[in-house]
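Colleague: Input: one structure, supplied below.
The values are calculated or read from the model by the stated rules, or taken from the named source; none is laboratory data. Keep in mind the model is a prediction, meaning the values are calculated, not measured. As a convention, Cβ positions derive from the backbone with ideal geometry for all residues, glycine included, and neighbour counts pool all protein chains shown. Accessible surface is based on the protein model in full, side chains and every heavy atom, while ligands, DNA and RNA are left aside. Shrake-Rupley method; radii C 1.70, N 1.55, O 1.52, S 1.80 Å.
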Amino acid sequence: MGELSCDVESRVRNASLRSRIMSPQEAAKIVKDGMCVGCSGFTPSGYPKAVPLAVAERVRKGERLQITLWTGASVGPELDGELTEAGAILRRFPYQTEERIRKAINEGRVSFQDLHLSMTAQNMRYGFYGNMDLAIVEAVAVTEEGHLIPSTSVGNSPTFVKKAKEVIVEINLTQPLELEGLHDIHIPDDPPNRKPIPIVKVGDRVGTPYIECGTDKIAAIVFCDIPDKQRPLSSIDETSGRMAQNLLDLLDLEVKAARLPKKLLPLQSGVGSVANAVMAGLMEWPADGLLVYTEVIQDSVLDLFDAGKLDFASGTSFTPSPQGAQRLYSNLTGYRNKVLLRPQEISNHPEVIRRLGVISMNTAIEVDIYGHVNSTMVSGTRMMNGIGGSGDFARNAYLSIFLCPSTAKGDAVSRVVPFCSHVDHTEHDVDVVVTEYGVADLRGLSPRERARQIVEKCAHPDYRPLLEDYMRRAESKGGHEPHLLDECFSKRLREK
């Protein structure tokens, strides 16, 4: 404890709680076989690391222990990866991106339910999934009252702490204390007592800067010095750059048609390199004063702040690259009055998204000629990551946009297909499809008109003749959405 003593007073502000500081190995003994465990973390940011590693080590030494694991969204390898490799996860909710757990899910070794992220906390409170035994939450500090100051994400942590019988707090010394004050924690009342969420502007603060916990629930406090495993973002390639430009052209037309103000409406963007490239394209937007109401705050949001283009950003996590994290931590004072991190049931809440008129921009694995979108399943069977928050935003957005490169595997596979092999977002929730070849504005179009727009504007030129031939032959048989069902998946079946 000698080398940590300088941090204890500022990190654990209630003196009586300091007696509960222990090693990760001691805290890991609290985790028992069959438990339902909720862990902090969202795209992998702000997740516990030391305690999960200690749990995995117990199992590797021969102990029988399997848990149901809940998080906010994806987490890092110390949690999903190491616990999966040890065989310690029986069930997993609601989203993941780690290679080892993805493999276990697709092999049937881990049971996984893919869920809309805005629904997970309330469904846990409703009791749909049973009781939560334990919450393990990364924090930067514990207050005098025993409340938790989260680190780089909020996710589902407030509800996990509320519903859990016990709480383990991981104080991560690599996370700066200056993060305190950036959080806005609000848990809505449940029916029949639910009230409107009073967010009418992106920057409205409606909750507390801490997660309510209390001293009685805290079973252990562990100090940790393992940083978030931030992922490097790919450089903006030609395909992503062209998609971003096509999107900007669409937004420009909307402004000229007086359907959007010049400063646009609050923007939401998904996770990853394509989404980051699309947001980066807004550096060229001819107006300042932009707003972001989204899940994840990536490097491009910091770029927009630093360029003076962006006024405020609301999300549930910081998800920067390693370079972006350095920029964030070195200028937290500058971002302090421009950013809020909220629980994901607030960042993704349909009521707030609809009220603010959010412009939703998400990515797809494939899109079919009628505008259905597959965002989760490769070839309709193998789980990639999960639906995440894309459904929360797409269904409730002012303008729902899906971006997708026209091909995959070096142009060997068309991502524009006759019929999606799995549908996450139906035609009813998709306003616009964007690829590197163009924009298909689907608003107000019949299915046959939608098909022509998508094939003509979005498909790779090499695949347009095949898709046009399919459309002609399908239409000759009639139907509101004409299909040749015996042909739709034949190519995929042969590939298998």
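To keep it simple, each residue is scored yes or no on (1) assigned to a loop (DSSP other than H, G, I, E, B); (2) modelled with pLDDT of 95 or more; (3) within 23 Å of the chain's Cα centre (by Cα).
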site: I168; (1), (2), (3): no, yes, no
site: G181; (1), (2), (3): yes, yes, yes
site: P191; (1), (2), (3): yes, yes, no
site: R194; (1), (2), (3): yes, yes, no
site: V200; (1), (2), (3): yes, yes, yes
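Colleague: Could you list, ordered by first residue, the pairs with Cβ atoms under 7 Å in which the first is in region 110-129 and closer than 19 Å to I67 by Cβ and the second is open to solvent by 50 Å² or more (accessible area, probe 1.4 Å) and part of a loop (DSSP other than H, G, I, E, B), at least 6 apart or interchain?
Modeller: What qualifies is N123/Y129.
Colleague: Residues that are modelled with pLDDT of 95 or more and touching a His at 6+ places or on another chain (Cβ under 9 Å): does region 333-341 have at least one?
Modeller: yes
Colleague: Scan the helices (runs of 4 or more DSSP H) fully inside region 67-145 and keep the ones with 3 or more residues being open to solvent by less than 50 Å² (accessible area, probe 1.4 Å) and under 24 Å from D189 (Cβ atoms).
Modeller: By residue number, 120-126.
Colleague: Confirm whether D411 is open to solvent by 40 Å² or more (accessible area, probe 1.4 Å), among the acidic types (D, E) and part of a helix (DSSP H, G or I).
Modeller: Judged against the criteria, D411 is not a match.
Colleague: Of all residues in region 146-166 being in a loop (DSSP other than H, G, I, E, B) and over 14 Å from L332 (Cα atoms), which is most open to solvent (accessible area, probe 1.4 Å)?
Modeller: K165
Colleague: Where residues in region 18-66 are at pLDDT 95 or above and in contact with a Lys or Arg (Cβ under 7 Å, 6 or more places away or on another chain), which of them is nearest to A86 (Cα to Cα)?
Modeller: Per the stated criteria, the residue is L65.
Colleague: For region 231-268, give me the residue count where each residue is in contact with a Ser or Thr (Cβ under 6 Å, 6 or more places away or on another chain) and either polar (S, T, N, Q) or closer than 22 Å to A459 by Cβ (or both).
Modeller: 2
Colleague: Given the structure, is S360 under 30 Å from T208 (Cα atoms), buried (at least 20 other Cβ atoms within 10 Å of the Cβ), free of Cβ contacts under 8 Å to residues at least 40 places away in the same chain and hydroxyl-bearing (S, T, Y)?
Modeller: Spelling it out, it is not the case that S360 is under 30 Å from T208 (Cα atoms), buried (at least 20 other Cβ atoms within 10 Å of the Cβ), free of Cβ contacts under 8 Å to residues at least 40 places away in the same chain and hydroxyl-bearing (S, T, Y).
Colleague: Here is a list: D184, D228, D204. Which entry is open to solvent by less than 40 Å² (accessible area, probe 1.4 Å) and free of Cβ contacts under 8 Å to residues at least 12 places away in the same chain?
Modeller: D204
Colleague: Taking interchain pairs and intrachain pairs at least six residues apart, which have beta carbon atoms under 6 angstrom, with the first residue in region 271-296 and farther than 12 Å from L247 by Cα and the second open to solvent by 10 Å² or more (accessible area, probe 1.4 Å) and among the basic types (K, R)?
Modeller: The qualifying pairs are A287/K262; A287/K263; D288/K309; G289/K263; L290/K309.
Colleague: Separate question: Scanning for something assigned to a loop (DSSP other than H, G, I, E, B) and in contact with a His (Cβ under 6 Å, 6 or more places away or on another chain), does region 443-450 turn up at least one residue?
Modeller: No; the residues of region 443-450 include none that is assigned to a loop (DSSP other than H, G, I, E, B) and in contact with a His (Cβ under 6 Å, 6 or more places away or on another chain).
Colleague: Suppose we filter region 215-240 for residues that are assigned to a helix (DSSP H, G or I) and hydroxyl-bearing (S, T, Y); how many remain?
Modeller: Looking only at that region, the number is 3.
Colleague: Within region 312-334, which residues are free of Cβ contacts under 8 Å to residues at least 60 places away in the same chain and more than 21 Å from the chain's Cα centre (by Cα)?
Modeller: Result: Q326, R327, S330, N331, G334.
Colleague: Tally time: how many residues in region 451-472 are assigned to a helix (DSSP H, G or I) and either of a type in the set (D, E) or in contact with a Leu (Cβ under 9 Å, 6 or more places away or on another chain) (or both)?
Modeller: Final tally of qualifying residues: 9.
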